[in-house]
Amino acid sequence: MNLTDVAPLTDVIDDAIGGERFRTMLLAAFAGVALFLAALGIYGVLAYVVSQRSHELGIRLALGARPRELFAMVIRQGMRPVVVGAGAGLAAALALTNLMASLLFGVRAVDPPAYAVALTTLGAVALAACAVPALRATRVDPLVALREE
């Protein structure tokens with residue numbers, strides 16, 4: 001660069017961090033796809049489980065279980081693997097911070113707010129994915145479910 005290469009400071013900054021910005025956007029896109037696939041997987045498995053257990057859920061309703069109890073039961077069963085996986089992921093992330101430290105810019109390797117946001121986002125998406133099959137479980141007609149078997 002010489003004295004005649006005049007450019008606005010914003011252009012110079014954009015040129016300097018263009019590669020990092022691209023990698024960050026690419027990583028964010030992959031993270032979004034991963035979050036979507038995780039939600040789709042949780043929803044699919046839980047919807048299948050609820051459809052397979054419709055007879056049992058109908059019996060529970062016929063014997064006096066309240067729909068909100070069934071809702072809570074399905075949510076609890078759907079969120080249990082999510083909580084275990086989030087705990088294992090958090091432990092692995094903390095264990096591998098030294099390997100990731102060179103890839104981070106402007107964030108410490110152990111950043112509690114970043115971990116909290118990631119876990120909260122994953123938990124909220126998993127809860128939403130569990131809610132649809134759980135609502136379907138509360139709408140099981142006991143007579144239809146008992147006749148199916």
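A few remarks follow.
- Summing charges over neighbours of L103, with a neighbour being any other residue whose Cβ is under 15 Å away from its Cβ, gives +1 when K and R count +1 and D and E count -1.
- Sequence-distant residues sharing a close amide H with A65 (under 5 Å, placed H): none
- Screening the chain for whole DSSP H helices with an alpha carbon extent of at least 27 angstrom along the helix axis and a mean Kyte-Doolittle hydropathy of at least 0.5 yields 9-52, 67-95, 112-138.
- For region 1-123: rounded, prolate or oblate by the Cα gyration tensor [a/c cutoff 1.5]: prolate
All of the numbers you see were taken from the coordinates with simple rules; none came from a lab. Note that the coordinates shown come from a computational prediction; the quantities given were computed from them, not determined experimentally. Here Cβ is always computed from backbone atoms with ideal geometry, including for glycine, and neighbour counts include all displayed protein chains.
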